[in-house]
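Q: I have a structure I would like to understand better, so I am pasting it below and will then ask my questions one at a time.
The values are calculated or read from the model by the stated rules, or taken from the named source; none is laboratory data. Computed from a predicted model, the values in this text were never measured in an experiment. Ideal geometry is used to build each Cβ from the backbone, glycine not excepted, and the neighbour counts take in all protein chains shown. The accessibility values were calculated without ligands, DNA or RNA, using every heavy atom of the protein model including side chains. Shrake-Rupley method; radii C 1.70, N 1.55, O 1.52, S 1.80 Å.
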Amino acid sequence: MPAITRGSHCKIENGTKLDDVMVARVTDASAMEKTPPKRKLRSGDAQRQQSPVSEPMNWKSPRRCLNSSPKSVPHSDGKTFIDGFPKLHMSPIKCLFKNPSVKPDWNPKDTQHIKTAKEALHVSTAPTTIMCREDEQSRILNFCKACVEQEKAGSLYVCGCPGTGKSLSMEKVKEQLADWVKESGLQLPDILSINCTSLAKTSDIFTKIMGEAQPQKKRNGSLTPLQHLQSLYSQKAESSCTKMMLIIADELDYLITKDKAVLHNLFMLTTFPFSRCILIGIANAIDLADRFLPRLQALNCKPPVITYRAYSKEQILKILHQRLTVLPFVVFQPQALELCARKVAAVSGDMRKALCVCRNAIELLEAEHKASSKEEDHIACDASAPEIVKSRESQIVRLDHMAVALSKTFKSPAVETIQSLPQHQQIILCSVVKLVRGGKKDTTIGEVNKSYVDICKSTLIPPVGTLELSNMFTVLNDQGLLKLGQSRDDKTRRVLLKVDEADVTFALQGIRFFRNCLTVN
């Protein structure tokens, strides 16, 4: 094995030291710098020229290389800026809480945030478009277009459960009709919107119509407003009085009287030979035209019916998302909105109820934060990421808030009473609810008994005897849930449901057995 030299300096040629060789090389390099450069040097190269020997480049890890770029500019404080913005080397959540001046988008302690969220979910806040009601809205608009184009009177009946978008659709129809008339070059009819609950007397509706039809003309005092209208539409109108009139009568069932005369005469105005009325009646009862306008059906003048069905879970969820997208922050957990939509659709399908429940849930969150106002406003920057995420989730409406809001909105003393009943009495109530659906007012004990036995047999529950069943009817009558009529034969006694059908559904829908009983016809 060859020996290794241990001298202080290695001799290269004739005693020349290694240091002298390096100096000679530097001298040759300085001579070469006198020649003109072939390319323009970068700004960083000028610093390297100051030292005679270039220092070796420090090695960087791939992760550090990703955080730098050719556009990066080092600052004196050690921070890296890219295109004028600081390069973040920590998670956005930690940076959010590290800087106290940056606040989360949604702050339930901010009264302005709470107010904005509640306004977006208020019933009076009309959305730009009516979702899930495009078909019904189109049919009403086409009916109005046909009457205006043909200058022909007509009537239409719009019905549906409360909170299904009937009145809101009519507002959009009026706007669309005005735009269509302007584009078509036709004459816009006079529009008279009447809420029948605001009338002092049911016959005052004819006074309002007469005031819109002939606002400045003096009328004969011996004739009633209805007689004036009947006379006006029985003769050919003058050229100056040919403008048509669109009458939108909301809450039409308020006009129902014992003799049904007001409601009948109102629809009859559209049947006169020279009538200029386009009547749209809006009410909750589906069979109003069949029950209270039999003479119109006999005269083949029954108005066409457009029915607004109750909103489904998917439709309620879609409308809630539409209203919440206008907000610049997230207010609800997705699971909380889904719970609200599912519960409201199962009970009534009333969109106004769903909006009310969501506002109540926001108020619960607001009250919760007011109670815990002594807690720290900001989380320390060294907090763990799961704790930070959990803290941010506590800022929005959670599932438990929505459950409490639903309970407060729908729960009534009747619901608590129904939930505390024995199982067989609850089955009797389910049987009554199934029998009185579809507009039927009451039923008989015999029919309820038959439905009760069928339910018990289908679920393998032994039914009670006749005497015990009669006693249970008496108990339900005493508690105010049912009302029993008088009859010699017990089976023919009338049974009337004294509580709201929605209360029975809400009280028992948590049990799968009763939920199936109420959904299966």
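Q: Students sometimes get this wrong: rank Lys313, Lys483, Lys440 by accessible area, probe 1.4 Å, all chains present, largest first. Walk me through the numbers on the way to the answer.
A: On the way: Lys313 60, Lys483 110, Lys440 85 Å².
Largest accessible area first, the residues go Lys483, Lys440, Lys313.
Q: Let me ask something else. Rg (Å, one decimal) plus Dmax (Å, integer) for the alpha carbons of region 413-518?
A: Final numbers for Rg and Dmax: 12.7, 38 Å.
Q: Calculate what fraction, in whole %, of the accessible area of region 419-521 sits on carbon and sulfur atoms when a 1.4 Å probe is rolled over the protein chains. Kindly include the intermediate steps, with their values, before the conclusion.
A: Values: 2880 of 5700 Å².
Summing carbon and sulfur atoms, their accessible area is 51 percent of the total for region 419-521.
Q: Now for a separate question. Give me the accessible area per residue for region 413-518, probe 1.4 Å, as a whole number in Å².
A: Per residue, region 413-518 has an accessible area of 53 Å².
Q: Excluding Arg323 itself, what net charge comes from residues whose Cβ is under 12 Å from its Cβ, given Lys and Arg +1 and Asp and Glu -1? Let's see the in-between values first.
A: Numbers: positive: Lys118, Lys318, Arg359; negative: Glu119.
Here the count lands on +2.
Q: Further question: Let me confirm the definition first: pairs of Lys residues in region 413-518, 8 or more apart or on different chains, C-alpha distance under 25 Å. How many are there?
A: Eligible lysine pairs with Cα atoms under 25 Å apart amount to 19.
Q: How much accessible surface area, in Å² rounded to 10, belongs to the heavy atoms of Met210 with a 1.4 Å probe?
A: Surface open to solvent at Met210 totals about 0 Å².
Q: Let me ask something else. Carbon and sulfur atoms: what percent of the 1.4 Å accessible area of region 255-337 do they account for? It would help to have the intermediate numbers written out before the result.
A: Values: 2260 of 3970 Å².
Using a 1.4 Å probe with all protein chains present, region 255-337 comes out at 57 percent carbon and sulfur.
Q: Gap in Å between the Cα centre of region 482-509 and the Cα centre of region 175-237?
A: 44
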